[in-house]
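J.: What follows is a single structure, and I will ask about it in a moment.
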Amino acid sequence: MPSSHVVEKNEEDDDVQAGGEATTTTTEGKGEDDDDGSSSEIRVSSLLLRRSNIVDQLFLKQELLNRREEDILKRSKSLEDLRQRVEREARELEDQKSRFESEKRSVRKYKESEAGRVRLNVGGERFETSIETLREKSGFFKAMFSGAWDTEASEVVFIDRCPKRFPLLLNFLRSDDDNDCLTEYCYETASREGLHEIIGLLREAEFYQIDAAVEVIEEFVNHTRDLATAFDTITLNVGGELFATSRRTLCLCPFFDNLLAGFTNQGQLSASKLSGLQPIFLDRNPKFFAILLDYLRSGCCRQVLSHHISLLPDELLSYFKDDMKNFYELD
């Protein structure tokens, strides 16, 4: 074969070989580009998947937080309801305790009252009351029930006193010193039965040592006596002439006030009764006494006295003044 042909063939082989290498290089380059694209897609997919997972996790966490918050709210509401229920039950318990204490005090008071009851036989009549009522304002019963008395005993205490007047005094002991009712009773009884019945009640109050009742009754008796004696009729025999006037009128004169004072003491005969039996005798001038009595009856009016003095003869004037001053103690 000619050399020229060999050279050409070798050149062709070289071209083919070069073309093959170029093709191979191109193919390899294309493969590398494909690999890079796939990796990018994978990375993007992974990134997207990762982001999706993060979002899902965030949503899941948010949902868990919401559920926990709801659970906390429910528990908080339950706790609030429980607190309110506990407070309500505590208040109800306090109310029950208060009612129980009140009932216990009532029962204790009732038991003490039952234990402190006493039965009395006063002059044949039966009375039932409490020891505390009797001894609170009565020195007599306070001494009787000073501790030696057995409150559990059922025996009856006998007191030999008037049964008629005891109920009034017992009611006075039961009341809170109701003085008005006692005074009203005294007025009604005195007007119906006389002062002696009130004096009898006074003796009973003194026996039982009920000082408050004694004070009320004594005040009524003294007032009644003063009122009665103020209008007592006094009869006098002055120098042989009889005069009748009231004690109240005579007591405006110091002499008669002192004279009649001895008749007002308790237990003595009153001046009116004494003068009714025998007039009080005064060995004085009846004309001068008549002037004095008219002066006293006028309420000690100086004009009345001056009028009478002006009618006296001059020779009797000095005697009259001396008699008024030295005997009747009038200035």
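J.: Just to check your reading of the model, which residue among 330, 296 is aliphatic (A, V, I, L, M), under 60 Å from the mean Cα position of the chain (by Cα) and assigned to a loop (DSSP other than H, G, I, E, B)?
T.: Residue meeting the stated conditions: 330.
J.: Checking the structure you have, find out if any residue of the range 295-306 is over 30 Å from residue 134 (Cα atoms), modelled with pLDDT under 85 and surrounded by fewer than 15 Cβ atoms within 10 Å (Cβ to Cβ).
T.: Checking the range 295-306: not a single residue is over 30 Å from residue 134 (Cα atoms), modelled with pLDDT under 85 and surrounded by fewer than 15 Cβ atoms within 10 Å (Cβ to Cβ).
J.: Filter the range 160-182 down to the residues that are not acidic (Asp, Glu) and not in a helix (DSSP H, G or I), then identify the one that is surrounded by the most Cβ atoms within 10 Å (Cβ to Cβ).
T.: The extreme case among them is 165.
J.: Let me confirm something: among 136, 125, which residue is in contact (Cβ under 8 Å) with a residue 40 or more places away in the chain and either loosely packed, with under 10 Cβ neighbours inside 10 Å or closer than 24 Å to residue 169 by Cβ (or both)?
T.: Matching residue, one of 136, 125: 125.
J.: Tell me, which residue of the range 183-212 that is without any contact (Cβ under 8 Å) to a residue 60 or more places away in the chain and hydrophobic (A, V, I, L, M, F, W, C) is surrounded by the fewest Cβ atoms within 10 Å (Cβ to Cβ)?
T.: Only one residue fits best here, namely 199.
J.: Which pairs do you get when a residue that is at positive phi, found in the range 308-331, comes within reach of a residue that is surrounded by 11 or more Cβ atoms within 10 Å (Cβ to Cβ), reach meaning Cβ atoms under 6 angstrom, with the pair 6+ apart or on two chains?
T.: 329/254; 329/255
J.: Can you find, within the range 141-159, the residue that is modelled with the highest pLDDT among those that are in a strand (DSSP E or B) and surrounded by 16 or more Cβ atoms within 10 Å (Cβ to Cβ)?
T.: Of everything passing the filter in the range 141-159, 159 is modelled with the highest pLDDT.
J.: Out of the range 168-192, which residues are hydroxyl-bearing (Ser, Thr, Tyr) and farther than 25 Å from residue 135 by Cβ?
T.: Hits for the range 168-192 are 187, 189, 191.
The values are calculated or read from the model by the stated rules, or taken from the named source; none is laboratory data. Keep in mind that this is a model prediction, so the values were computed, not measured. With ideal geometry, Cβ positions are generated from the backbone for all residues, glycine too; neighbour counts draw on all protein chains shown.
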